[in-house]
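These notes concern the structure reproduced below.
The values are calculated or read from the model by the stated rules, or taken from the named source; none is laboratory data. Not measured: the values here are computed from a predicted model. A quick note on method: Cβ atoms are made from the backbone with ideal geometry, for glycine too, and the neighbour counts reach across all protein chains shown.
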Amino acid sequence: MRRYFCENNMSKKYEFVPGDEITIAPGRTVKRIRALVAIATLGIVPGDLGGYVESEANLAQVSGNAWVSGDAQVSGDAWVSGNAQVYGDAWVSGNAQVYGDARVSGNAQVSGNAWVSGNAQVYGDARVSGNAQVSGNAQVYGDARVSGNAWVSGNAWVSGNAQVSGNAQVSGNAQVSGNAQVSGNAQVYGDARVSGNAQVYGNAWVSGNAWVSGNAWVSGDAQVSGDARVSGNAQVSGNAQVSGNAWVSGDAQVSGRGLIFWASIVGTENGTLTVYNAKDDTLLVTRGCFSGTVDEFLAKSAKVHDDRIKREYQLLIEVAASRIEAALAETAKPEDADTAKSR
């Protein structure tokens, strides 16, 4: 909703510069502003030129130290208030709001019904649109996109070509970067990272110090937490849980809680052995820098480990294989029953 003011010039913070305007649409212009008062916190003195606004309904005239500078533009029903700053070549339009101590700069654009508040920063070529909210100390930059009803808050960073959309939430100290996508009702929080071409969607959660990278997908009701790693072309879905120091990579396909097994403080380095299901229903193993099939791992173990360590790995893999086989059988039951009924 457009705001209307009835104030005398003595109370106003800025005025329009006659003749310095830019047409943004037929019948609509944004006009350069000029400071009428000093804003000490910004180093602004009376007479300093600011950026462009469409009307006084775009930038608070009296309260706060909000300012638009450079060639930045604020138009439509957008509102900049508090101590917020919009500068560089940034655009704020639609019904967007920038307030608190927020900063929008560079070539960034905030549009639609989006809000940027607190100490949040949106800069570079980033876009925040729809009903999205960026708050706290969050930063959205590079070519990142935050849209839909997504929230980015806390100390979270969204950068590169990353996209956060739908009802997704990125919070805490989480980082989403590269070409990563977080969508649906997904949540990424804590110190978690999502990078590369990874996707987190559905109702999935990634938290703790977990890292999802490469071309990995985490979806459904899956949870990745602790110090877990999901990388390569791995897919974690359904109600699967990957936590602790587990590491899932390669062509893994973990679609339920029972399709992964890990044991920590094993081997000569007291590391973590992770055994999980692959897309072709073979078993894969990750241990330290090794990632491959069970047979490949046992063959390597036979070469480098003594009999005790070798036997421990064999036993752990037997337990893992037994549990994963049972989980696969349990998963197949409903499908088999449906098949039988159809016959």
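Structure values in brief
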quantity	calculated
Condition broken by Trp247, with the remaining ones in (1) more than 21 Å from Ala198 (Cα to Cα); (2) at pLDDT 85 or above; (3) hydrophobic (A, V, I, L, M, F, W, C) satisfied	(1)
Residue count, region 268-319 (criterion: of a type in the set (Gly, Ala, Ser) and either closer than 23 Å to Val224 by Cβ or touching a residue at least 40 places away in the same chain (Cβ under 8 Å) (or both))	5
Count - residues of region 49-60 that are under 19 Å from Ser11 (Cα atoms) and buried (at least 17 other Cβ atoms within 10 Å of the Cβ)	8
Residue, surrounded by the fewest Cβ atoms within 10 Å (Cβ to Cβ), within region 75-97, restricted to residues that are under 21 Å from Ala38 (Cα atoms) and β-branched (Val, Ile, Thr)	Val80
Condition met for Asn65 (over 24 Å from the mean Cα position of the chain (by Cα), closer than 15 Å to Ser117 by Cα and in the same structural domain as Arg28 (by TED's automatic domain parsing))	yes
Extreme residue, surrounded by the fewest Cβ atoms within 10 Å (Cβ to Cβ), among residues of region 255-304 that are assigned to a loop (DSSP other than H, G, I, E, B) and of a type outside the set (D, E, K, R)	Cys289
Unique residue being surrounded by fewer than 23 Cβ atoms within 10 Å (Cβ to Cβ) and more than 28 Å from Ala35 (Cα to Cα) when the list is Asn149, Asn119	Asn149
Within region 1-108, strands (runs of 3 or more DSSP E) holding 3 or more residues that are β-branched (Val, Ile, Thr)	14-25, 28-35
Given (1) under 22 Å from Val218 (Cβ atoms); (2) modelled with pLDDT of 80 or more, number of the condition Tyr313 does not satisfy	(1)
Residue check for Val176: closer than 24 Å to Ala320 by Cα and surrounded by 23 or more Cβ atoms within 10 Å (Cβ to Cβ)	no
Checking Leu315 against (1) under 37 Å from the mean Cα position of the chain (by Cα); (2) among the hydrophobic types (A, V, I, L, M, F, W, C); (3) assigned to a helix (DSSP H, G or I), the condition it does not meet	(1)
